[in-house]
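Working notes for the structure below.
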Amino acid sequence: MGYHPPAVVTLRPWNLALLATLTVLFVGCQDSGRNTSVVVRDSSGIHIIENTTPAWADGRGWRISDQPSLHIGVSEGDSDYQLFQVVGALRLNDGRIVIANAGTGELRYFDPSGRLLRRTGRKGGGPGEFQGLTWLGTLRADSLITFDWRTRRVSIFDSNGDFVRSTTLETLATAPPSHVHVDLLSNGSLLIGAQRLFASPDVGSGVHNDTIYHIRFEPHGISCDTIGRRPGAESYILVHEGGLELLPLPFGHSPHTAAYRSGFYFGRGDSYIIGYYSSEGQLLRSIRKTHDRQSVTAADQHRFRKSMTEGIEDEQERRMIENLLADVPFPKTMPAYGNIIVDVEGNLWVEEYRRPWEDQPRWTVFNREGGLLGVVRTPPRLEIYQIGSDYVLGRWEDELRVEHVRQYELIKDQIEARSAVGVV
């Protein structure tokens, strides 16, 4: 996707309203003479996994194919293949690809070769229509579930793409948050990460933390439970006579959530720790990796400030942003990591943090038990939506920022490894 500088938002006053006894397990693996180590311990019922060395030797492990095995999207020509504001893409069990194209409010179905089969949905507020399509997920038997941000509505479509039913999440409709992350638990419940910046008339200039609420909605969206309140994204607020200016903190921490089975992973990147929580919000596991945080240099600060004003022709707007950036404090170090994804086999993929203008994504992969496997490089400008056992699917932008959906092969080396577990 390239580098998109964060937006400055102007807000006028004041519309922001385990086991108890420690047990240590040393797990050693050998791969072509390479020793790996994972230290596992229980502390007050929380399973802690400390990782130091990856299991994959250099040049071994998993990799992504150089060229896509499937490409959907054109810059000009047939409108069926022109994509705009893609917010999701999934490969179904029968090989079909479904793309959530928010720009037209549609779900588009393609066969395994990339030929359009069907378009369903449109812009609107009626049954099966969308005003702000933001998320796409799968249920049993290739049926689909969607979330509409503007209407706070969940819709279900059968395997043929026919509309079945919809439910409005009233809790979100009455108190709309500033950001929503949607995911699906294995029992069919929806996991909503609702993030909101709380500000009051006496708020002062400085760094502020959003709050993210994890809310579990039952399958039909009628009842819900709040299962945790956790720190969200870091923002910088500048208060002045006309109101206040809100800017995401440069190189600040952000919350990342990924559902797995009946629970979910959550981390914020302030350290290399990712927690796994139950559907009730209880911390069960803590995955950790030895990690040296990147320093925020003077060159990083200069480049960030420059990027925020590039292309702005309005002099008043440019000066406003320059004045805001002059007061923004920069952290000493970068976040430990970025996004997190769970693949279909239960492996946890953690995107290593990169400066916003750096193109090469690198993902550290942990197995289902939290053991460190190694690093996979994915194609530049590819936003990943789904990782299968042998493929990666996501939205890709070309140099002109025209959207496409691409599928790449996930190639796995057959690594023979021996493991020994000893209890100390």
Only residues that are assigned to a loop (DSSP other than H, G, I, E, B), in contact with a Ser or Thr (Cβ under 7 Å, 6 or more places away or on another chain) and crowded, with 21+ Cβ neighbours inside 10 Å: list them for segment 107-159, please.
-> Arg152
Evaluate the following for Pro219: is it closer than 20 Å to Leu283 by Cα, open to solvent by 60 Å² or more (accessible area, probe 1.4 Å) and out of contact with any Phe, Trp or Tyr (no Cβ under 7 Å at 6 or more places or on another chain)?
-> no
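Yes/no matrix, rows are residues, columns are (1) within 30 Å of Asp225 (Cα to Cα); (2) modelled with pLDDT of 90 or more; (3) polar (S, T, N, Q):
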site: Ile274; (1), (2), (3): yes, yes, no
site: Gln294; (1), (2), (3): no, yes, yes
site: Thr297; (1), (2), (3): no, yes, yes
site: Arg303; (1), (2), (3): no, yes, no
site: Glu317; (1), (2), (3): no, no, no
site: Met320; (1), (2), (3): no, no, no
site: Asn323; (1), (2), (3): no, no, yes
site: Lys332; (1), (2), (3): no, yes, no
Out of (1) in a strand (DSSP E or B); (2) within 18 Å of Val365 (Cβ to Cβ), the one His291 does not meet is (1)
For segment 246-275, what are the residues that are open to solvent by less than 10 Å² (accessible area, probe 1.4 Å), in a strand (DSSP E or B) and closer than 18 Å to Thr290 by Cα?
-> Gly267, Ile274, Gly275
In segment 295-309, how many residues are assigned to a loop (DSSP other than H, G, I, E, B) and more than 26 Å from Gly275 (Cβ to Cβ)?
-> 1
Starting from residues that are assigned to a loop (DSSP other than H, G, I, E, B) and either under 14 Å from the mean Cα position of the chain (by Cα) or of a type in the set (Ser, Thr, Tyr) (or both), keep the ones in segment 378-403 and report whichever is farthest from Lys306 (Cα to Cα).
-> Ser389
Quick one: which of Ser69, Ser65 is modelled with pLDDT of 85 or more, open to solvent by less than 40 Å² (accessible area, probe 1.4 Å) and more than 18 Å from Asn367 (Cβ to Cβ)?
-> Ser65
Residue in segment 298-329 that is surrounded by the fewest Cβ atoms within 10 Å (Cβ to Cβ), counting only those that are of a type in the set (Lys, Arg) and within 23 Å of Ala233 (Cα to Cα) | Lys306
Determine whether Ala258 is under 15 Å from Tyr337 (Cα atoms), in contact with a Ser or Thr (Cβ under 6 Å, 6 or more places away or on another chain) and of a type outside the set (Val, Ile, Thr).
-> no
Only one of (1) part of a strand (DSSP E or B); (2) small (Gly, Ala, Ser); (3) surrounded by fewer than 21 Cβ atoms within 10 Å (Cβ to Cβ) fails for Gly281. Which number is that?
-> (1)
Of those in segment 76-114 that are out of contact with any Leu (no Cβ under 7 Å at 6 or more places or on another chain) and polar (S, T, N, Q), the residue nearest to Thr134 (Cα to Cα) is Gln85
Identify, by number, the condition in (1) in contact with an Asp or Glu (Cβ under 9 Å, 6 or more places away or on another chain); (2) buried (at least 18 other Cβ atoms within 10 Å of the Cβ) that Gly188 doesn't meet.
-> (2)
May I ask you to verify whether Ile312 is assigned to a strand (DSSP E or B) and either more than 24 Å from Trp363 (Cβ to Cβ) or of a type outside the set (Asp, Glu) (or both)?
-> no
Any hit, segment 222-233, residues being touching a Gly at 6+ places or on another chain (Cβ under 9 Å), among the aliphatic types (A, V, I, L, M) and open to solvent by less than 60 Å² (accessible area, probe 1.4 Å) = yes
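The values are calculated or read from the model by the stated rules, or taken from the named source; none is laboratory data. Note that this is a predicted model, so its numbers are computed, not measured. Cβ: placed from backbone, ideal geometry, glycine included. Neighbour counts: every protein chain shown. Just the protein is used for accessible areas: all its heavy atoms, side chains included, with ligands, DNA and RNA removed. Shrake-Rupley method; radii C 1.70, N 1.55, O 1.52, S 1.80 Å.
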